[in-house]
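Beneath this line is the structure, given in structure tokens, with notes to follow.
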Amino acid sequence: MIRLLAATSAIALVASVPAAAQEFSIERIDQHIRTISDDWFEGRAPGTPGEDKTVAYLSGAFASIGLQPGGDLREDGSRAWTQDVILNRSTMTQPPQLSITIDGEEVAMVQDQDLAVRAPVNGMARVELDDVPLVFAGYGTHAPERDWSDFGDVDVTGKVIVVLVNDPDFEGGEGDFGGEAMTYYGRWTYKYEEAARRGAAGVLVIHETEPASYPWGVISNGNDVTLDIVREDPGAAHTALQGWMHVDVASRLFEAAGISYEEAKAMAQRRDFRPMELGATIDATLVSESEHIAAMNVVGILPGTTRPDEHILFTGHHDHLGTGEPDETGDTIYNGAIDNAAGLAFMIEMARAFAENGGTERSLVFLAVGAEESGLLGARYYAANPLYPLETTVGVLNVDGPGVHGPTRDFSISGSARLGLLDILTEEAAARGRSYSADPNPAAGSFFRSDHFPFAQAGVPAVSFRSGSDMVEGGTERAAEIAATYAAEYYHQQSDEWSPDWDLTGIVNDAQLIYGVAERLGNSTEWPNWSEDSEFRARRDASADARD
Ligand SMILES: [Zn+2]
């Protein structure tokens, strides 16, 4: 073990993997990534020809490997390769007209520069806000179990609330909201939901790169199209106006209100904070068209040899952001090579390895979900409409954006959840000379931003695997550098493209580790659960009878 940990080159590490390790082909993985991230796939946006091509590629690959179709049940009892995910797509048909009136002076707001508002999904084709008061609502958080409410008994019905990103103890690093780690209260999705519950007319999240964990450029992309799962009463789930406010605009607003942005933030970090009128109003006209579209999950299955009714799920999203305005190089296509063509390559080759070896006692399901970038919609849809019962789904192993820069000495998972699956991962990693490192940036809230989350909410033990942050070559320093460069220059940008310079030996190590975990689970009668203190434990335990 010590010798393994001391390995200083990729060759040494690969050479020290036990001889029985499952083999994976770097060439095949590379070819899948290169193909799936090709311009021909047009950025793989849900409901576009690019998605159709992706679905065809994946189902073709699954079929040629020898998986069986595992998607929607047809009338004749057979299954399709896909699960239809019915979505509502709202598209703005003209640029939004936006202005804020401060001290009687109306200031035009430029979409994607001052504000970034999304095509409305509250069921209204035309949203018209006329002189609606802006109210600062702190972190927009109502958390009775933590004795915390940014709203108190202040009614924000019909107002537009302006809120901070992340949660109240992010800056201080300790407090009632998990310290540096982000709770769900820190996510913009939560803030949108809470604003809708309170009948607000709108919600604008003030963007700051550090607490958001991504730059403004990520927010100012693709707001003219918003997707949501189809809802009976979309107005109950969404306010009319949803979006982000640039921090410079926020600073001006607070200054006009007589306090600095920093002072306002400090107030919001206190338990006694209550909403404050900003003395400014907003005008907004948003015009959109809505239609129902079917995005798709692609599903292949290797039926279990002795216990086919127990399932292990491999998940990874197949969609990306499609096309948009040209970047400075004139590129309009969001290729999503790392995010998540790499995860799909991983999944396909995982399926091949298990198929070649005859599967396991339990069924293995390879579920490539769609519409992840639109809010985990494919995974949410599956969790709400499972093809295989969730109670007897042993666990979910999600991969999104595996490392392409070489092997690591460790691995990680998104967020700081504790569960039996992680214990198994840690044991299997140790057997391969790797150790577990906690999510290096739990403040980014990636636990809530990965496709395993809807499964976790439904009680199914689920993790999003990560490649680790201690590189065999360059250690944690190089890993941090790579992560920072990725966040600033590639993540959700046109530049996330296949590169001949990658070192995919790390993905192979990751695949060997996940293979080991799935093989062990697939041939066991174990039902790993969440830790006793996990918020997901009760939900799982409620269906314990199904696993007797
Ligand atoms: Zn992704």
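The values are calculated or read from the model by the stated rules, or taken from the named source; none is laboratory data. Please read these numbers as outputs of a predicted model, since none were measured by experiment. Please note: Cβ atoms are built from the backbone with ideal geometry, for glycine as well, and neighbour counts cover all protein chains shown. The protein model used for the area step is the full one, side chains on, heavy atoms only, and it has no ligands, DNA or RNA in it. Shrake-Rupley method; radii C 1.70, N 1.55, O 1.52, S 1.80 Å.
Once C-alpha pairs closer than 8 Å and six or more residues apart are averaged by separation and normalised to the residue number of the chain, the relative contact order reads 21 percent. Between the C-alpha center of region 158-211 and that of region 83-134 there is a gap of 19 Å. Treating the chain as a set of equal point scatterers at the Cα positions, no solvent, please give the Debye-formula log₁₀ I(q)/I(0) at q = 0.08, 0.10 Å⁻¹. With no solvent term, the Cα-only Debye profile gives -0.53, -0.83. The residues of the chain present an accessible area of 39 Å² per residue when probed at 1.4 Å with all protein chains retained.
Once you reduce region 257-327 and region 215-251 to the center of their Cα atoms, the two points are 8 Å from each other. Hey, how many Å between the Cα centroid of region 42-79 and the Cα centroid of region 356-433? Taking the Cα centre of each part, region 42-79 and region 356-433 sit 20 Å apart. Helix 475-485 sits at what angle to the longest principal axis of the chain, using alpha carbons and giving 0 to 90 degrees rounded to 10? With rounding to tens, the tilt is 50 degrees.
Taken about its Cα centre, the chain carries a charge dipole of roughly 1480 debye when the Cβ of each Lys and Arg holds +1 and the Cβ of each Asp and Glu holds -1. Taking the average, over residues, of other Cβ atoms within 10 Å as the packing measure, peptides 202-210, 365-373 rank 365-373, 202-210 from highest down.
Looking at region 90-290, send over the antiparallel percent of its DSSP beta bridges, to the nearest 5. Mind showing how you got there, number by number?
Working: 28 of 43 bridges.
Taking every DSSP beta bridge within region 90-290, about 65 percent pair in antiparallel fashion.
Here the chain exposes an accessible surface that is 49 percent carbon and sulfur, computed with a 1.4 Å probe and the other protein chains kept in place. Hey, which lysines would be in cross-link range of Lys265, C-alpha to C-alpha under 22 Å, not counting anything within fewer than 8 residues on its own chain? Output for Lys265: Lys159, Lys191.
If you add up the charges near Asn398, with Lys and Arg at +1 and Asp and Glu at -1, over every other residue whose beta carbon is less than 12 angstrom from its beta carbon, what do you get?
-1
Counting charges near Arg520 (Lys, Arg +1; Asp, Glu -1) among other residues having Cβ under 13 Å from its Cβ returns a value of -4. Beta-bridge orientation, region 397-494: approximately 45 percent antiparallel, per DSSP, counting only bridges with both partners inside. Charging the Cβ of each Asp and Glu at -1 and of each Lys and Arg at +1, and nothing else, the dipole of region 90-290 about its Cα centre rounds to 400 debye.
Between 0 and 90 degrees, the angle of helix 420-431 with respect to the longest Cα principal axis of the chain falls at about 50 degrees.
Add +1 for every Lys or Arg and -1 for every Asp or Glu among the other residues with Cβ under 12 Å from the Cβ of Asp114, and state the total.
Around Asp114, the surrounding residues sum to -1.
Which angle from 0 to 90°, rounded to the nearest 10, does the C-alpha axis of helix 342-356 make with the longest principal axis of the chain? Taking the Cα atoms of the chain, the angle to 342-356 is about 30 degrees.
Dipole size of region 35-168 about its Cα centre, with +1 on Lys/Arg Cβ and -1 on Asp/Glu Cβ: approximately 660 debye, rounded to the nearest 20. Which percentage, to the nearest 5, of the DSSP beta bridges contained in the chain is antiparallel? Looking only at bridges with both residues in the chain, the antiparallel portion is about 60 percent.
Hey, what D do you get for region 90-290 in µm²/s if you plug the Kirkwood alpha-carbon radius into Stokes-Einstein at 25 °C and 0.890 mPa s? Roughly 146 µm²/s, to the nearest whole number. Extending 7 Å from the Cα toward the beta-carbon at both Val154 and Ala430 defines two label points whose distance is 5.1 nm.
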